[in-house]
Each structure stands twice: as C-alpha cells, then as structure tokens.
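Have a look at the structure below before the remarks.
Just so it is clear, none of the values below were taken in a lab; they were calculated from the coordinates. If you're wondering where the values come from, they're calculated on a predicted model, not measured in any experiment. Here Cβ is always computed from backbone atoms with ideal geometry, including for glycine, and neighbour counts include all displayed protein chains.
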C-alpha cells in the first residue's frame with residue numbers, strides 16, 4: 001500500500017484529532033498545538049479501546065477507558081511511560097493529507113495475538 005488521501009487540511013484543525021481508516025487500519029490523526037500533523041494507531045495499546053473516543057487537549061491524548069496518556073507529538077506514553085503508539089508516515093500535498101500504513105505494526109501492551117481493524 002502507498003500513501004492514501006485521508007482528508008484535507010480543512011478537516012483537521014490545530015488542536016484536533018480525527019479517526020480516518022486507511023483500508024482496514026484505524027488511523028488517528030492528531031494536530032498538536034504548535035506542532036505538525038501526526039498519524040498514530042487508532043487503538044489504545046492497553047485494552048484495545050478506540051483512541052478517537054478519548055480526549056485530545058493541546059498536545060496530550062487520553063484514552064477514555066483507563067486514562068492512559070500519550071504525547072501527541074511523538075506517540076510516547078506519558079502515563080504509563082514505556083508504551084509508545086505506532087506512528088504512520090504523513091505527507092501533505094497542497095491542501096491534502098496522505099498517510100502510509102505499510103510496514104507499521106500497532107503496539108499492544110497485552111499480547112492478544114491479533115491486530116484490531118475496522119471497516120468504517
């Protein structure tokens with residue numbers, strides 16, 4: 001798979017997050033305040049809860065289930081530390097945002113043996 005258009009810059013404002021599927025891969029786009037657009041796995045590594053149901057405040061992403069928090073600029077775990085969200089490549093051409101999910105495997109804290117996907 002190559003880069004896939006997921007949205008336009010008008011769809012994602014600074015300080016926002018959006019879930020956009022790339023094929024069957026749920027991708028969470030985040031645009032941290034003062035930063036750049038990033039694309040992370042859309043599922044929390046803890047108990048596979050959709051991260052797009054959580055909160056994104058400034059630069060911090062919080063999962064709704066157990067309030068695991070992640071840095072919106074790096075995907076690194078804040079609480080707890082040591083758990084990092086898988087990040088996908090982002091490319092912006094003109095007003096369009098593209099994501100490439102090829103070769104990136106989501107991370108999970110609990111070994112379930114399977115990746116979570118969506119048909120949305």
What distance in nm separates the simple spin-label points at residue 55 and residue 87, each placed 7 Å from Cα in the Cβ direction? 2.4
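List the relative contact order of segment 1-56 as a percent without decimals, with contacts defined as Cα pairs under 8 Å and 6+ residues apart. Before the final figure, lay out each step's value.
Values: 74 pairs, mean separation 14.4, N = 56.
Once normalised by length, the contact order is 26 percent.
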Treat segment 4-100 as a sphere of radius equal to its Kirkwood radius over Cα pairs and apply Stokes-Einstein at 4 °C in a medium of 1.567 mPa s; give the translational diffusion coefficient in µm²/s, rounded to a whole number. 99
Before anything else, pin down the relative contact order of the chain: Cα pairs under 8 Å, at least 6 apart, normalised by residue count, whole percent. 29
Per-residue Cβ contact counts at 10 Å, fewest first, order 93, 87 as 93, 87
Return a whole-number percent for the relative contact order of segment 32-98, with Cα pairs under 8 Å and 6 or more residues apart as the contact set. 29
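Which FRET efficiency value, to the nearest 0.05, is calculated for residue 14 and residue 104 with the Förster distance at 30 angstrom and r the Cβ-Cβ distance? Walk me through the numbers on the way to the answer.
Working: r = 24 Å, r/R0 = 0.81.
So the FRET efficiency works out to roughly 0.75.
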